[in-house]
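A.B. asks: Before we start, here is the structure in question, set down as structure tokens.
The values are calculated or read from the model by the stated rules, or taken from the named source; none is laboratory data. Keep in mind that this is a model prediction, so the values were computed, not measured. In this analysis, Cβ positions are derived from the backbone assuming ideal geometry, glycine residues included, and neighbour counts consider all displayed protein chains. Please note that ligands, DNA and RNA were not included when accessible areas were found on the heavy atoms of the full protein model with its side chains. Shrake-Rupley method; radii C 1.70, N 1.55, O 1.52, S 1.80 Å.
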Amino acid sequence: MTKKETTNQSDFKKYIKWFWRIIGIGFFLAILPFFLASVGALGFMPTFEDLENPENNLATEVISSDGKTLGKYAYENRTPVKYKDIPQNLVEALVATEDERFYSHSGIDFKSTARAILSMGSKGGGSTITQQLAKLTFHKREPNTNTFQKLKQKFKEYVISIRLERQYTKSEILTMYLNKYDFLNQAVGIRSASRIYFGKEPKELSQDESAMLVGMLKNSSLFNPIRRPEMVKQRRNVVLKQMEKNEFITTKVKDSLQQLDLGLDLHREGHSDGYATYFREYLRDFMKKWIKENPKPDGTNYNLHRDGLKIYVTLDSRMQKYAEEAMQEHMSNLQRVFFKEQKRNRLAPFYELDKDQVKTTMDQAMKRSNRWKRMKKAGKSEKEIRESFKKKTEMSIFSWKGDIDTIMTPYDSIKYYKHFLRAGLMAMEPQTGHVKAWVGGIDYKHFQFDAVKQQKRQVGSTFKPFVYATAINQLKLSPCDSFPNTPYTIPKDKYGMPEDWSPKNATEKYGGMMTLKQALATSTNVVTARLIDMVNPSTVVRLAQSSGIKSEIPEVPAIALGSVDLSLFEMVGAYSTFANKGLRVDQMVITSIEDKNGTILEQFTPKTDEVLSEESAYVVLNLLEGVTKSGSGVRLRSKWGSYPDKVVTGYPYEFTNAIAGKTGTTQNQSDGWFMGIVPNLATGVWVGGEDRATHFAGITKGQGGTMALPIWALFYQKCYADKNLNVSKADFEKPEDLSIELDCTKITDNDENPLDEEEEIEF
């Protein structure tokens, strides 16, 4: 071999060595970023445990007795679904649009990546669904300030994606991605998005609806269906085109679907949106206390907004819906009549107040306002704060026709809201204690004070049944026993009162004898005064409190006419005792609480106690039926609501079934009540102004039968129309051994009246 040949051979070997060195260095440099990313040198990387249990902010869900979601408590409004709950058309739309080779790659689609690099991103990015999940779940997008940051992020995504593909099935990856994505407008995850944009569960989505939601995945901030519907429709049609291209739908179906509008059916899930808003606020406070008293096994506290608890409540979503609709239908009409009356009121909306008292009332309202508290906390002087209430500002105010954008001073807005009558409704099952509907006001966004449990108002004549129940239970009186309808005075020294008590009838008409049934039906005050004097106020108080009333009740005769302030929550619970054969069952709003894995953390059972004999309870129901057959609640039986000024004209009630009820109207018509019971549902309604001086001028429009009873009637009409609710139309169950006579036609004039003897007894 020549020297030249030897030299050439030696040079060739050198080139080969350098070639392999370069290849090796290139390979090393190629895998180095992936290695560095995998060991965490480029930033946080999830461990095996992180991949097994990806940490999400899961919303706590409030679930009704009929299985519907009433609302959520959420840092992010996310409630995960399983793959079986995702429709096939949604999976097809997602794969066709975001990752055509999803089922064939292992986390990285090198073909799409190469295309993205060569086109400089003009033909789309190269991220797979798995990479997008990695980006959403395990690391936040870092600021794209330079190429290095972008590359570092990509390397981390690649490594996490490969690990995800090893750890999970394709179905699980799809599900995790759809559960994680933020579709805007409080719609985090596919279930929230489906419910908020279309008012349905994901499995009910149609092909065009699924296509719209998948279209939003490109950029939900840009493709926002509420703000840019036309742009979202165009994007949806691109998704449908991709589905056709991948042979998931035919050209004919694609063309047909592309012609459709978006078909949005918005159901916002903010705290002020949806049904049972007042109840959900009460439940939030309950859960705060529960969480403190029930830590996790590791000793830490549950997070109401992140830990995905499930709270199963007793409310029925259908009854709740009907209750809110009934309130809105009547109150919008009643408010119209009230506004009309106030045009003639010089100090509207107040009565019984002079100018100085009105000024004091408004001053107190200003100091209770958020504006005052906020400025006070910011260190503003009282003068500065008061001046701010006089400056006109843009605001959105409530009206029964929808919120109105306007300009007015904060002071005028307070006075405007003072004009609005408020309302509350609660319904419960007497036998179980389950609260089925809870309406705390007319609009939670603008009026956040809860009229069911938070508020206490004078109950008026709705308290009288407890006086009658005490007398029947203690003295075995019959509804047919007669009492004189004459003025009655209880001397001041008898119960330690400051002066004699001589109540008057509302009609100021007296004379003759009245049966107990007639007296309660017509709400005759002097007969009720006689009864409480016969049994002693303290005995009535004990019975009322045994029935579930927790508020303090003074042991004075005036409570017979409802001078005491009680909550609607207490009143409905106490009235339920009559329908449950004298057994009190405490109100119950939660049946159980579960963690995100379905483990039961606590189950709830109501407390029960015997208050009245079954016989006494039935007799009270009989008396209360008389109220709706011939007394102040007889409007329930009428064909048309013949109320003044067309307050409720056109509401044909025509109830023919057994209804035990009682109206209540307090002094100056400040409060209107109606309590109504059928065998398996007790419901109470209250209507009144925020201030007691805000009311109708006269009893005709301001009585409980006009203000509150129509809401009860509309609610029950809706419940009866829904046969699935099984609200009873039956008679109340009669005790087998009933010894008290209820049929007054069987009592002759020769029968001895127990009152003749009782009047001689001194207490």
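A.B. asks: Give Gln364, Gln335 a once-over and let me know the one that is surrounded by fewer than 18 Cβ atoms within 10 Å (Cβ to Cβ), assigned to a helix (DSSP H, G or I) and touching a strand residue (DSSP E or B) at 6+ places or on another chain (Cβ under 7 Å). First the steps, then the outcome.
C.D. replies: Values: Gln364 fails: touching a strand residue (DSSP E or B) at 6+ places or on another chain (Cβ under 7 Å).
It is Gln335.
A.B. asks: Let me ask another. Can you name the residue in region 245-255 that is open to solvent by 30 Å² or more (accessible area, probe 1.4 Å) and not in a loop (DSSP other than H, G, I, E, B) and, of all such residues, is farthest from Tyr322 (Cα to Cα)? Can you show your working first?
C.D. replies: To start, the set of residues in region 245-255 that are open to solvent by 30 Å² or more (accessible area, probe 1.4 Å) comprises 245-248, 250-253, 255.
Going one step further and asking which of them are not in a loop (DSSP other than H, G, I, E, B), we end up with 245, 251-253, 255.
Numbers: Lys245: 47, Thr251: 44, Lys252: 42, Val253: 39, Asp255: 40 Å.
So, considering only residues that are open to solvent by 30 Å² or more (accessible area, probe 1.4 Å) and not in a loop (DSSP other than H, G, I, E, B), the one farthest from Tyr322 (Cα to Cα) is Lys245.
A.B. asks: Which of the residues spanning region 602-626 are over 19 Å from Val435 (Cβ atoms) and open to solvent by 50 Å² or more (accessible area, probe 1.4 Å)?
C.D. replies: Listed by number, the residues that qualify are Glu610, Glu614.
A.B. asks: Being under 23 Å from Ile699 (Cα atoms), more than 42 Å from the chain's Cα centre (by Cα) and either charged (D, E, K, R) or surrounded by fewer than 18 Cβ atoms within 10 Å (Cβ to Cβ) (or both): is that true of Lys492 here? Reasoning before the result, please.
C.D. replies: Values: under 23 Å from Ile699 (Cα atoms): no; more than 42 Å from the chain's Cα centre (by Cα): yes; either charged (D, E, K, R) or surrounded by fewer than 18 Cβ atoms within 10 Å (Cβ to Cβ) (or both): yes.
In short, no.
A.B. asks: Just one of Thr79, Thr97, Thr113 is at pLDDT below 85, open to solvent by less than 70 Å² (accessible area, probe 1.4 Å), polar (S, T, N, Q) and farther than 30 Å from Met287 by Cα; which is it?
C.D. replies: Details: Thr79 fails: farther than 30 Å from Met287 by Cα; Thr97 fails: at pLDDT below 85.
One residue alone meets the criteria, Thr113.
A.B. asks: Picking from Ile249, Ile311, Ile291, which residue would you name as being hydrophobic (A, V, I, L, M, F, W, C) and under 29 Å from Glu209 (Cα atoms)? Steps first, please.
C.D. replies: On the way: Ile311 fails: under 29 Å from Glu209 (Cα atoms); Ile291 fails: under 29 Å from Glu209 (Cα atoms).
Every option except Ile249 fails the conditions.
A.B. asks: Moving to a separate point now. Taking the conditions exactly as written (of a type outside the set (Ser, Thr, Tyr), at pLDDT 95 or above and either surrounded by fewer than 24 Cβ atoms within 10 Å (Cβ to Cβ) or farther than 13 Å from Val620 by Cα (or both)), does Ala469 satisfy them or not? Walk me through it before giving the result.
C.D. replies: On the way: of a type outside the set (Ser, Thr, Tyr): yes; at pLDDT 95 or above: yes; either surrounded by fewer than 24 Cβ atoms within 10 Å (Cβ to Cβ) or farther than 13 Å from Val620 by Cα (or both): no.
Criteria not met by Ala469.
A.B. asks: Identify, by number, the condition in (1) in contact with a Ser or Thr (Cβ under 9 Å, 6 or more places away or on another chain); (2) modelled with pLDDT of 95 or more; (3) assigned to a helix (DSSP H, G or I) that Lys729 doesn't meet.
C.D. replies: It is condition (3) that Lys729 fails.
A.B. asks: Quick check on my filter: what residues within region 560-580 are over 16 Å from Gln454 (Cα atoms) and crowded, with 21+ Cβ neighbours inside 10 Å?
C.D. replies: Taking region 560-580 first, the residues over 16 Å from Gln454 (Cα atoms) are 560-563, 574-580.
Hits for region 560-580 are Ala560, Leu561, Gly562, Ala574, Tyr575, Ser576, Thr577, Phe578, Ala579, Asn580.
A.B. asks: Run down Ala437, Ala451, Ala519 and say which single residue is aliphatic (A, V, I, L, M), assigned to a strand (DSSP E or B) and either at pLDDT 95 or above or open to solvent by less than 10 Å² (accessible area, probe 1.4 Å) (or both). I'd like the intermediate steps shown before the answer.
C.D. replies: Working: Ala451 fails: assigned to a strand (DSSP E or B); Ala519 fails: assigned to a strand (DSSP E or B).
Selected residue: Ala437, the only one of Ala437, Ala451, Ala519 that is aliphatic (A, V, I, L, M), assigned to a strand (DSSP E or B) and either at pLDDT 95 or above or open to solvent by less than 10 Å² (accessible area, probe 1.4 Å) (or both).
A.B. asks: Hey, among the residues in region 665-713 that are closer than 27 Å to Val620 by Cβ and hydroxyl-bearing (Ser, Thr, Tyr), which one's surrounded by the fewest Cβ atoms within 10 Å (Cβ to Cβ)?
C.D. replies: Top of the filtered list is Ser670.
A.B. asks: In region 85-94, which residues are touching a residue at least 24 places away in the same chain (Cβ under 8 Å), surrounded by fewer than 22 Cβ atoms within 10 Å (Cβ to Cβ) and part of a helix (DSSP H, G or I)?
C.D. replies: At the first step, the residues of region 85-94 found to be touching a residue at least 24 places away in the same chain (Cβ under 8 Å) are 85-87, 89-94.
Filter once more, keeping what is surrounded by fewer than 22 Cβ atoms within 10 Å (Cβ to Cβ): 85, 87, 89, 91-92.
Scanning region 85-94 gives Asp85, Asn89, Val91, Glu92.
A.B. asks: Sticking with this structure for a sec: Scan the strands (runs of 3 or more DSSP E) fully inside region 602-685 and keep the ones with 2 or more residues being within 28 Å of the chain's Cα centre (by Cα) and modelled with pLDDT of 95 or more.
C.D. replies: The strands (runs of 3 or more DSSP E) meeting that bar are 660-665, 671-678.
A.B. asks: If you check Val214 against the conditions, is it more than 19 Å from Ala74 (Cα to Cα), among the β-branched types (Val, Ile, Thr), touching a residue at least 60 places away in the same chain (Cβ under 8 Å) and crowded, with 18+ Cβ neighbours inside 10 Å? Explain how you work it out, then say what you get.
C.D. replies: Numbers: more than 19 Å from Ala74 (Cα to Cα): yes; among the β-branched types (Val, Ile, Thr): yes; touching a residue at least 60 places away in the same chain (Cβ under 8 Å): yes; crowded, with 18+ Cβ neighbours inside 10 Å: yes.
Here the answer is yes, as Val214 does meet what is asked.
A.B. asks: Return yes or no: is Ile532 within 22 Å of Asp609 (Cβ to Cβ), hydrophobic (A, V, I, L, M, F, W, C) and more than 37 Å from the chain's Cα centre (by Cα)? Break it down into steps so the answer makes sense when it comes.
C.D. replies: Values: within 22 Å of Asp609 (Cβ to Cβ): no; hydrophobic (A, V, I, L, M, F, W, C): yes; more than 37 Å from the chain's Cα centre (by Cα): yes.
In short, no.
A.B. asks: So which of Lys415, Lys376, Lys380 ends up being without any contact (Cβ under 8 Å) to a residue 12 or more places away in the chain and in a helix (DSSP H, G or I)? Can you show your working first?
C.D. replies: On the way: Lys415 fails: without any contact (Cβ under 8 Å) to a residue 12 or more places away in the chain; Lys380 fails: in a helix (DSSP H, G or I).
Only one candidate qualifies: Lys376.
A.B. asks: State all residues of region 202-211 that are buried (at least 19 other Cβ atoms within 10 Å of the Cβ) and outside any helix (DSSP H, G or I); if no residue qualifies, say none.
C.D. replies: Once the filter is applied, which keeps residues that are buried (at least 19 other Cβ atoms within 10 Å of the Cβ) and outside any helix (DSSP H, G or I), region 202-211 yields only Leu205.
A.B. asks: Between Gln258, Gln186, which is in contact with a helix residue (DSSP H, G or I) (Cβ under 7 Å, 6 or more places away or on another chain), of a type outside the set (Gly, Ala, Ser), open to solvent by less than 70 Å² (accessible area, probe 1.4 Å) and more than 17 Å from Val95 (Cα to Cα)? Lay out the reasoning, then the answer.
C.D. replies: On the way: Gln186 fails: open to solvent by less than 70 Å² (accessible area, probe 1.4 Å).
Gln258 is the lone residue from the list that is in contact with a helix residue (DSSP H, G or I) (Cβ under 7 Å, 6 or more places away or on another chain), of a type outside the set (Gly, Ala, Ser), open to solvent by less than 70 Å² (accessible area, probe 1.4 Å) and more than 17 Å from Val95 (Cα to Cα).
A.B. asks: Looking at region 261-291 only, could you name the residues that are under 17 Å from the mean Cα position of the chain (by Cα), part of a loop (DSSP other than H, G, I, E, B) and modelled with pLDDT of 90 or more?
C.D. replies: Ala276
A.B. asks: Please determine whether any residue of region 283-299 is of a type in the set (Gly, Ala, Ser) and open to solvent by less than 50 Å² (accessible area, probe 1.4 Å).
C.D. replies: Residues of region 283-299 of a type in the set (Gly, Ala, Ser): 299.
Add one more test, that the residue is open to solvent by less than 50 Å² (accessible area, probe 1.4 Å), and what stays is none.
Within region 283-299, not a single residue is of a type in the set (Gly, Ala, Ser) and open to solvent by less than 50 Å² (accessible area, probe 1.4 Å).
A.B. asks: Which residue out of Lys729, Lys723, Lys701, Lys718 is among the charged types (D, E, K, R) and without any contact (Cβ under 8 Å) to a residue 12 or more places away in the chain?
C.D. replies: Numbers: Lys729 fails: without any contact (Cβ under 8 Å) to a residue 12 or more places away in the chain; Lys701 fails: without any contact (Cβ under 8 Å) to a residue 12 or more places away in the chain; Lys718 fails: without any contact (Cβ under 8 Å) to a residue 12 or more places away in the chain.
Among Lys729, Lys723, Lys701, Lys718, only Lys723 is among the charged types (D, E, K, R) and without any contact (Cβ under 8 Å) to a residue 12 or more places away in the chain.
A.B. asks: I'd like the residue in region 173-183 that is assigned to a helix (DSSP H, G or I) and open to solvent by less than 10 Å² (accessible area, probe 1.4 Å) and, out of all such residues, is nearest to Ser206 (Cα to Cα).
C.D. replies: Taking region 173-183 first, the residues assigned to a helix (DSSP H, G or I) are 173-180.
Those still in the list that are open to solvent by less than 10 Å² (accessible area, probe 1.4 Å) too: 173-174, 177-178.
Values: Ile173: 22, Leu174: 18, Tyr177: 20, Leu178: 16 Å.
For region 173-183, the residue satisfying everything is Leu178.
A.B. asks: Quick one: is Lys464 under 29 Å from Val687 (Cβ atoms) and either open to solvent by 40 Å² or more (accessible area, probe 1.4 Å) or in a loop (DSSP other than H, G, I, E, B) (or both)? Give the steps one after another, and end with the answer.
C.D. replies: Numbers: under 29 Å from Val687 (Cβ atoms): yes; either open to solvent by 40 Å² or more (accessible area, probe 1.4 Å) or in a loop (DSSP other than H, G, I, E, B) (or both): no.
No.
A.B. asks: With Asn224, Asn237 as the choices, which residue is among the polar types (S, T, N, Q), within 18 Å of Phe198 (Cβ to Cβ) and assigned to a helix (DSSP H, G or I)? Walk me through how you get there before you give the answer.
C.D. replies: Values: Asn224 fails: assigned to a helix (DSSP H, G or I).
Testing whether each residue is among the polar types (S, T, N, Q), within 18 Å of Phe198 (Cβ to Cβ) and assigned to a helix (DSSP H, G or I) leaves just Asn237.
A.B. asks: Just checking, how many residues over region 522-569 are in a loop (DSSP other than H, G, I, E, B), of a type in the set (Val, Ile, Thr), touching a residue at least 60 places away in the same chain (Cβ under 8 Å) and over 17 Å from Gln458 (Cα atoms)? I'd like the intermediate steps shown before the answer.
C.D. replies: Of all residues in region 522-569, those in a loop (DSSP other than H, G, I, E, B) come to 522-524, 536, 547-556, 562-564, 567.
Subsequent filtering for residues that are of a type in the set (Val, Ile, Thr) retains 522, 524, 549, 553, 556, 564.
If we keep only those that are touching a residue at least 60 places away in the same chain (Cβ under 8 Å) too, we end up with 522, 556, 564.
Now restrict to residues that are over 17 Å from Gln458 (Cα atoms): 522.
Looking only at that region, the number is 1.
A.B. asks: With respect to the numbered conditions (1) at pLDDT below 95; (2) not charged (D, E, K, R); (3) not in a helix (DSSP H, G or I), which one is the sole condition not fulfilled by Thr700?
C.D. replies: In the conditions (1) at pLDDT below 95; (2) not charged (D, E, K, R); (3) not in a helix (DSSP H, G or I), Thr700 misses (3) alone.
A.B. asks: If you scan region 732-763, which residues turn out to be at pLDDT 50 or above, more than 29 Å from Gly684 (Cβ to Cβ) and not in a loop (DSSP other than H, G, I, E, B)?
C.D. replies: Across region 732-763, the qualifying residues are Thr745, Lys746.
A.B. asks: Take Gln242 and tell me if it is open to solvent by 70 Å² or more (accessible area, probe 1.4 Å), closer than 25 Å to Ser127 by Cβ and not aliphatic (A, V, I, L, M). Lay out the reasoning, then the answer.
C.D. replies: On the way: open to solvent by 70 Å² or more (accessible area, probe 1.4 Å): no; closer than 25 Å to Ser127 by Cβ: yes; not aliphatic (A, V, I, L, M): yes.
It is false that Gln242 is open to solvent by 70 Å² or more (accessible area, probe 1.4 Å), closer than 25 Å to Ser127 by Cβ and not aliphatic (A, V, I, L, M).
A.B. asks: Look at region 338-361 and say how many of its residues are more than 31 Å from the chain's Cα centre (by Cα) and open to solvent by 40 Å² or more (accessible area, probe 1.4 Å).
C.D. replies: Result for region 338-361: 13.
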